[in-house]
Structure formats: structure tokens, C-alpha cells
Amino acid sequence: MTSDWWADAAVYQIYPRSFADSGDDGLGDLRGVTSRVPYLSSLGIDAVWLSPFYPSALADGGYDVDDYRDVDPRLGTLDDFDEMVTALHSAGIRVIVDLVPNHTSDRHAWFTEALAAPKGSPARDRYVFRDGTGPDGASPPSDWQSIFGGSAWAQAPDGQWYLHMFAPEQPDLNWDNPEVRADFLTTLRFWADRGVDGFRIDVAHGLTKDLSEPLTPTAELPDLADADGSHPLWDRDEVHDIYAEWRRVFDEYDPPRMAVAEACVAPSRRHRYVGVDGLHQAFNFDLLEAAWDAEEFRARIDRQVAETESAGASATWVLSNHDVVRHATRYGLPGAEDNPRETAAAWLLSDGTEPPLDRDLGLRRARAATLLTLALPGSVYLYQGEELGLHEVGDLPTELIHDPEFRRSGGTRKGRDGCRVPIPWTSDGPSFGFSRGTPHLPQPEWFADYSVAAEDADPHSTLEIYRRALALRSKLRGRGFAWHDETRPQALHFVRPEGWDCITNFGSRPVPLPEGTILFASAPIDGRLLPPDTTVWFLSGETPT
Ligand code: NOJ
């Protein structure tokens, strides 16, 4: 086992409640994951990352954790967890679990204790409690807004306020409190001892805060985009002391455990989360926002490659996850060449009607983009369902929406449920093979065409493209990377000095394919022309200058 396996791994994200249900409650579970190990194995991935499966009231899809060292009884038991890890390891698949250290849930024993304890008590010091402002302290301590919308402060029954940068059910922890720090070390060891190979660190940029009085009003907060560590709430330099301590814990294990940061920070500061005294990787979300445009992709790729090279780290590539509109949909909307994220948000608000989605175009581009990222040096994080070419479900009835973002934004943001609908395993049956019961989010009819069963049988399906691409990638991977100088408009061509080339046509006209033997393509190739919205891997035998 190499200890830096993660540096070029293909990691598959499982959102457990929507992956596979071994029972009939319509909620995916750990036994469901275990039952699908042969499928995961057939994909050719190196690891799975499991979004939270801990006890939770699901105020934020499980990112509101009641107990960090247990399994939600609806999802199974610790024994089920152990069985799942054993089965995955036997298949050569490593396991990354999600750690949520910025906030607990409001049902966590510490928060219950804090509410019952008096002001200024040690129990309250584990969180961020403050007196309110205005007459009788009836107004929040500051005008800070939560990420999901609305005030970032909620009032406790005795009138004090507590900070929640996300939903009110997610009170922020006070990371200046030694007990909080010690408890997370216990949690890391708890899962590392159970054999997990790594951790994904939720909101890694948020743990430490400068809450000295007076609290800075929102209008005077620095812009995170050009942050220099002076923002009181995000990306503070002190947070790295925590990760240095965690790193010592990871390194106690053989092989050492790894960690990947979800750090939503200025790209120039991302590398700070990574290093021998810190975490191993930081997610690079730049492509989630990239327009379908060669120059924009190139600029974002350049930045990530340069950053990770200078930090001695490995790049990470993400096109979809449980927080964003699926990339097949982003690229199939008319705004894709301009601002796909905004267009996708508007499309969701219109229940998936405006602007009209071109499913085929989106899927063709999504396959091309996936092949491009799979050819880049570094690791890729794939999100369940993207290997089926799934689109976002845009028309979930609002009364069924779980995401707190929807209500807290006053309905101005539809939220993230559309990418969290349980995935289809079969083309028929009450929940397309996901569960014997009613799925916790309804699946649309069109899921039938994207099911594992439908695609398994089709050599041209997205699923087969992923399988073959991942198999090929595992033979080709290496660390070298260089752009190929050429003049084809709207085409990106790079060379992996280990001996393969990748070219993507972002334009609307075919371009001539460079000389070389085609290894693999995201769409059928006729002759020596590269069609629009297509990626080809080939062997040119050339060394870039
Ligand atoms: C990031 C997670 O990916 C997201 O799903 C969650 O809502 C927030 N962190 C808060 O935990």
C-alpha cells in the first residue's frame, strides 16, 4: 500500500441516504452500500467518500451531527459500518468519511447541556453564545447572515443568542475551547481505529473565528476573494494549528490517514490547508463555476496546476457534488458558455422549465469534461450518479424540498435536493431498484433511461465510458503535464509527458485531430475530425516543448 495513494486517486462520493436502501424505509443505508460493492468495484474507483451517516435530524442533509461516533440507526449500526469497510477494503477500495467540525447539531448532547446551563457556563463556552443588542438584548449581537440566508444568530430560550453560520439547527462550535479540540481528536481516532483511510473536512476554513468585541458589521467585513487572513469568520491563519495537531494523529497510523479540506477560500490561499504540517489535499471547486469555454477552463486548470506544484501538493478536480447542480445539466443550459452557475440557479427556480435544458448537449459536454479532468494530473472526485449521466431533477415539488437553503432564502434559492434524488438501479419498479419503499425524494420517470441496468447493457452508455476511462487512466496516470501549443480555436490540448495526449473541443465546429493513435473518446469519432463538445485521448508520441 502506498501512503500517498490519494495523490492521483479517483474518489467516488456516496450520499448514503440516496445511494441504496437495503430495507424499505426509502432512506439509503450502509448495508445498501455494502450490497453495491461489486458495482463500485466495476467502476474502477480507488476510494469512496461517504457524506455524513451519523445520527442526525437531517436539518441539513446529515451535516447536522448529533453524535460524531455513531451511525444513524436509520442507516445502520457500527457493526454495519465495519462490515461495509471490510467489504470495500476487500475490493481494494479505500474509505473516506466526512467530518463536520464547524458545528454540531442542536440535538448534540453538548448543545442540550449548553441550553440548560447558565450564561457564562463552561457548557456554553463550547459554542458561541453572546448577549443580544438593543433594548432587553432582543436583537442579535451582529447583523451577520448565515450561508443559508437569514440571521446567523438564533435566540436561546433564556434570551442569549448563539451563532450558526449555517442553519439554526447547526450551532457553531468554539474552537478556542480545549475540550472541543480534544473531543475531535477522539473522533478522528475512533474512525481511524475502525480502519477508515481518510477524512473529508467540512467547512475546513471556518473553525477558528475572531469574536472580539465589537463584532465587525457585515458592511465592513473584508471580501473573502482577496482575503489576507483578516476576515473574522473565515480562513483565519490560526485554523492551521488545528490541522497541524490532526496531522500528528493521522501520522500515528500505518498507513497514515489522509484528509481533504473543503476550504472555500481565495484560490491563492488554498495551498495553506495542505502540507506536511496540515491536511493532504484541498478541494479545488474552480471548475464547478467555469463556463463551457476553452480559455476559461485553461485558466482555471493553469491556476490549480501552478498552485499545487508550488505547494508540493496534488491537484484535485471536481465537476459535481451534493451541493451543486449536476454538471450534465449545467452544460446543457443556454447560459453554459457564459455563467452556468447562475443560469442553473434560475433554471431550478423555474422548476426546470426556463431556459430550456438540452439534455443531449449537456450530457455530451459532461462526458467530454469528465474525460478532460480524468486526464489531468492529480485526483478526481466523482459524485454518485454522474457516471450514469444523470441530470439534476429540476421540478421537485416545493413542499417536498428538504434543503434549509430553500426556506431560509425565502424561496429565492431552490436548494440542493435536485442532485440528491436517489439514484436509479433498474429501469422499472417502484423506486428504480433503490428501495422496497418510497424514496425520500421522488424520482422522475426519465430516471428509467439513466439506470444502472439500462446502461450496463449498452457499450456506448455514460456508465461504460466512465468504466473504460477509469480503467485506462489507472494505467496511464503520472504527474507530468504540459499544454500543447497549437492554434485550433476553442480546443484545449495537453500532453502528459508519460506518453498520452488529451484534446477537448469546446467550440461548435469540428476541428482536425492532431496526429496520433486514438486511445479513447467521449463520443464516436468519424475520421480525423474532432466533433464539438468531445474529448479524445490519444498517443502522439510527441514531447511538448
Ligand atoms: C458543506 C457541505 O458540503 C454542505 O452540504 C453543508 O450544507 C455545509 N457544509 C454545512 O455543513
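The values are calculated or read from the model by the stated rules, or taken from the named source; none is laboratory data. Quick caveat: nothing in here was measured; it's all calculated off a predicted structure. Cβ atoms come from the backbone with ideal geometry, glycine included; neighbour counts cover every protein chain shown. The area values use the complete protein model at the heavy-atom level, side chains included, leaving out ligands, DNA and RNA. Shrake-Rupley method; radii C 1.70, N 1.55, O 1.52, S 1.80 Å.
Filter the stretch 63-101 down to the residues that are over 22 Å from Asp24 (Cα atoms), β-branched (Val, Ile, Thr) and touching a helix residue (DSSP H, G or I) at 6+ places or on another chain (Cβ under 7 Å) and list them by number.
Within the stretch 63-101, Ile93, Val95, Val97 meet the criteria.
Which condition from (1) within 16 Å of the ligand (Cβ to nearest atom); (2) open to solvent by less than 40 Å² (accessible area, probe 1.4 Å); (3) at pLDDT below 95 is the one that Gly229 breaks?
Result: Gly229 passes all but (1).
Here is a list: Arg420, Arg413. Which entry is touching a residue at least 40 places away in the same chain (Cβ under 8 Å), farther than 26 Å from Ser451 by Cβ and within 16 Å of the ligand (Cβ to nearest atom)?
Numbers: Arg420 fails: farther than 26 Å from Ser451 by Cβ.
Going through Arg420, Arg413 in turn, just one is touching a residue at least 40 places away in the same chain (Cβ under 8 Å), farther than 26 Å from Ser451 by Cβ and within 16 Å of the ligand (Cβ to nearest atom): Arg413.
Quick one: is Ala345 open to solvent by 10 Å² or more (accessible area, probe 1.4 Å) and within 21 Å of the chain's Cα centre (by Cα)? Steps first, please.
Numbers: open to solvent by 10 Å² or more (accessible area, probe 1.4 Å): yes; within 21 Å of the chain's Cα centre (by Cα): yes.
Spelling it out, Ala345 is indeed open to solvent by 10 Å² or more (accessible area, probe 1.4 Å) and within 21 Å of the chain's Cα centre (by Cα).
Identify, please: which residue in the stretch 511-529 is closer than 14 Å to Ala368 by Cα and part of a loop (DSSP other than H, G, I, E, B) and is, among those, farthest from the chain's Cα centre (by Cα)?
Of everything passing the filter in the stretch 511-529, Ile525 is farthest from the chain's Cα centre (by Cα).
So for the stretch 222-230 (the condition being within 17 Å of Val276 (Cβ to Cβ), part of a loop (DSSP other than H, G, I, E, B) and not hydrophobic (A, V, I, L, M, F, W, C)), does at least one residue qualify? Lay out the reasoning, then the answer.
First pass over the stretch 222-230, keeping only residues within 17 Å of Val276 (Cβ to Cβ): none.
Looking for residues that are within 17 Å of Val276 (Cβ to Cβ), part of a loop (DSSP other than H, G, I, E, B) and not hydrophobic (A, V, I, L, M, F, W, C), one finds none in the stretch 222-230, hence no.
Go through (1) surrounded by 14 or more Cβ atoms within 10 Å (Cβ to Cβ); (2) among the charged types (D, E, K, R); (3) modelled with pLDDT of 95 or more for Glu445 and report which single condition fails.
The number of the failed condition is (1).
Of the residues Leu463, Leu470, Leu441, only one is within 21 Å of Tyr15 (Cβ to Cβ) and either aromatic (Phe, Trp, Tyr) or part of a loop (DSSP other than H, G, I, E, B) (or both); which? Spell out how you get there, then give the answer.
Numbers: Leu463 fails: either aromatic (Phe, Trp, Tyr) or part of a loop (DSSP other than H, G, I, E, B) (or both); Leu470 fails: either aromatic (Phe, Trp, Tyr) or part of a loop (DSSP other than H, G, I, E, B) (or both).
Just a single option satisfies the conditions, and that option is Leu441.
Assess whether Gly437 counts as being open to solvent by less than 50 Å² (accessible area, probe 1.4 Å), out of contact with any helix residue (DSSP H, G or I) (no Cβ under 8 Å at 6 or more places or on another chain), free of Cβ contacts under 8 Å to residues at least 12 places away in the same chain and over 24 Å from Ala366 (Cα atoms). Can you show your working first?
Details: open to solvent by less than 50 Å² (accessible area, probe 1.4 Å): yes; out of contact with any helix residue (DSSP H, G or I) (no Cβ under 8 Å at 6 or more places or on another chain): yes; free of Cβ contacts under 8 Å to residues at least 12 places away in the same chain: no; over 24 Å from Ala366 (Cα atoms): yes.
When the stated conditions are applied, Gly437 does not pass them.
When residues of the stretch 248-291 are filtered for being touching a strand residue (DSSP E or B) at 6+ places or on another chain (Cβ under 9 Å), over 23 Å from Trp234 (Cβ atoms) and not hydrophobic (A, V, I, L, M, F, W, C), how many remain?
Within the stretch 248-291, residues that are touching a strand residue (DSSP E or B) at 6+ places or on another chain (Cβ under 9 Å), over 23 Å from Trp234 (Cβ atoms) and not hydrophobic (A, V, I, L, M, F, W, C) number 1.
Would you tally the residues in the stretch 1-55 being assigned to a helix (DSSP H, G or I), more than 22 Å from Ala282 (Cα to Cα) and small (Gly, Ala, Ser)?
Final tally of qualifying residues: 5.
What number of residues within the stretch 183-214 are β-branched (Val, Ile, Thr) and either within 16 Å of the ligand (Cβ to nearest atom) or open to solvent by 30 Å² or more (accessible area, probe 1.4 Å) (or both)?
Of all residues in the stretch 183-214, those β-branched (Val, Ile, Thr) come to 186-187, 196, 201, 203, 208.
Still in the list and also either within 16 Å of the ligand (Cβ to nearest atom) or open to solvent by 30 Å² or more (accessible area, probe 1.4 Å) (or both): 186-187, 201, 203.
So the answer is 4.
Taking interchain pairs and intrachain pairs at least six residues apart, which have beta carbon atoms under 6 angstrom, with the first residue in the stretch 468-483 and charged (D, E, K, R) and the second assigned to a loop (DSSP other than H, G, I, E, B)?
Within 6 Å, the pairs are Arg479/Pro377.
Any idea which of (1) of a type outside the set (A, V, I, L, M); (2) surrounded by fewer than 23 Cβ atoms within 10 Å (Cβ to Cβ); (3) assigned to a helix (DSSP H, G or I); (4) in contact with a strand residue (DSSP E or B) (Cβ under 9 Å, 6 or more places away or on another chain) is the one Glu309 doesn't satisfy?
Result: Glu309 passes all but (4).
Residues to consider are Ala369, Ala454; find the one that is away from the ligand (no atom under 16 Å from the Cβ), open to solvent by less than 10 Å² (accessible area, probe 1.4 Å) and in a helix (DSSP H, G or I).
Working: Ala454 fails: open to solvent by less than 10 Å² (accessible area, probe 1.4 Å).
From the options Ala369, Ala454, the qualifying one is Ala369.
Search the stretch 319-333 for residues that are more than 21 Å from Ser379 (Cβ to Cβ) and pair each with any residue that is within 16 Å of the ligand (Cβ to nearest atom) and in a loop (DSSP other than H, G, I, E, B) when their beta-carbon atoms are under 7 Å apart and the residues are at least 6 apart or on different chains.
Final answer for the pair search is Val325/Glu392; Thr329/Glu392.
Could you list, in sequence order, all residues of the stretch 39-56 that are of a type in the set (Gly, Ala, Ser) and in contact with a Phe, Trp or Tyr (Cβ under 6 Å, 6 or more places away or on another chain)?
Answer for the stretch 39-56, where residues must be of a type in the set (Gly, Ala, Ser) and in contact with a Phe, Trp or Tyr (Cβ under 6 Å, 6 or more places away or on another chain): just Ser51.
In the stretch 25-66, which residues are open to solvent by less than 10 Å² (accessible area, probe 1.4 Å), within 16 Å of the ligand (Cβ to nearest atom) and at positive phi?
Gly62
Working only within the stretch 391-432, note down all residues that are in contact with an Asp or Glu (Cβ under 7 Å, 6 or more places away or on another chain), closer than 19 Å to Trp347 by Cβ, assigned to a loop (DSSP other than H, G, I, E, B) and of a type outside the set (Asp, Glu).
Of all residues in the stretch 391-432, those in contact with an Asp or Glu (Cβ under 7 Å, 6 or more places away or on another chain) come to 394-396, 401-404, 413, 415-419.
With closer than 19 Å to Trp347 by Cβ added as a condition, the list becomes 394-396, 401, 403, 413, 415-419.
Remaining after also requiring assigned to a loop (DSSP other than H, G, I, E, B): 394-396, 401, 403, 413, 415-416.
Within the stretch 391-432, Gly394, Leu396, Ile401, Arg413, Gly415, Arg416 qualify.
Answer with yes or no whether Asp172 is within 21 Å of Val239 (Cβ to Cβ), in contact with a Pro (Cβ under 7 Å, 6 or more places away or on another chain) and not polar (S, T, N, Q).
Numbers: within 21 Å of Val239 (Cβ to Cβ): yes; in contact with a Pro (Cβ under 7 Å, 6 or more places away or on another chain): no; not polar (S, T, N, Q): yes.
The answer is no for Asp172.
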